[in-house]
Amino acid sequence: SLNKPCSTLIESMKNHSIDVNKLVFIDCVGRNISKKCAIISSPSKLTDIGITIDSILKKTKIEFIYIDSVDSFTIYNQVNMVIKFLRNLMEMAREKKIKGIMTSLDGADSSLINELFLVCDKVIGFDD
């Protein structure tokens, strides 16, 4: 997560009766080390995030990678670097037959969204 500490996400999911036992989190903002959370020192460390994801994929059977939200990466990184990182991540997921799910807020950088459309099998819009 780039927005909330892992512990906050886990607590919220448990409060909504979501089983977190099969989830692994990459936490770029919190500092509480736990078995469920891999800690990255900063959301700007895209290489570290990629290495951590690759390491998790080698050790753990993962069914999907969820990125919430792609817009958050652009707060800490240049758009062209975010595009490269997310495209590589989705290509890696596809090679390993893992589903990739990315969310974006309305008003996100159009070049980011247009580039990510190219690596997505399906785009779903939500109305208010």
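Compute the long axis of helix 46-59 from its Cα atoms, compare it with the longest principal axis of the Cα atoms of the chain, and write down the angle in degrees, 0 to 90, nearest 10.
60
Cysteines without a disulfide-compatible partner in the chain, using Cβ under 4.7 Å as the rule?
C28, C120
Subtract the Cα-Cα distance of I98 and K35 from 0.36 nm times their separation in residues, and report this length gain in nm to one decimal. Before the final figure, lay out each step's value.
Details: separation 63, 0.36 × 63 = 22.68 nm, distance 2.17 nm.
Contour length minus the Cα-Cα distance gives 20.5 nm.
Modelled label-to-label distance, D106 and N21, 7 Å Cα→beta-carbon offset: nm?
It is 4.0 nm.
Counting only other residues whose beta carbon sits under 13 Å from that of E115, what net charge do I get with K and R as +1, D and E as -1?
On the way: positive: K84, R87; negative: E91, D109.
Every neighbour counted, the sum reads 0.
Which peptide among 98-107, 27-36, 69-78 comes first, and what is the full order, when sorted by highest mean count of other Cβ atoms within 10 Å?
Values: 98-107: 13.2, 27-36: 15.0, 69-78: 16.7.
In descending order of packing, they fall as 69-78, 27-36, 98-107.
For region 44-128, what class follows from the C-alpha gyration tensor (a ≥ b ≥ c being the square roots of its eigenvalues): rounded when a/c is under 1.5, otherwise prolate if a/b is larger than b/c, else oblate? Could you put the intermediate results ahead of the total?
Values: a/c = 1.92, a/b = 1.32, b/c = 1.45.
Oblate is the answer for region 44-128, as a/c is 1.5 or above yet b/c matches or exceeds a/b.
How many nm separate the modelled label positions at E11 and V79, each set 7 Å beyond the Cα in the direction of the Cβ?
3.6
On full extension of the chain, what length is gained from E91 through T47, given 0.36 nm per residue of separation minus the C-alpha to C-alpha distance? Provide the component values of the computation, followed by the final result.
On the way: separation 44, 0.36 × 44 = 15.84 nm, distance 1.53 nm.
Computed gain between E91 and T47 is 14.3 nm.
Using alpha carbons only, how many angstrom separate the centre of region 1-79 from the centre of region 104-123?
Each part reduced to its Cα centre gives a spacing of 20 Å.
Count the DSSP beta bridges whose two residues both fall in the chain, then state the antiparallel fraction as a percent rounded to the nearest 5.
On the way: 1 of 8 bridges.
Bridges in the chain that DSSP calls antiparallel: roughly 10 percent.
Every read-out reported here was derived from the displayed coordinates using simple, explicitly stated rules and does not represent laboratory data. All figures in this text were calculated on a predicted structure; none of them were measured in a lab. We place every Cβ from the backbone using ideal geometry, glycine too, and count neighbours over all the protein chains shown.
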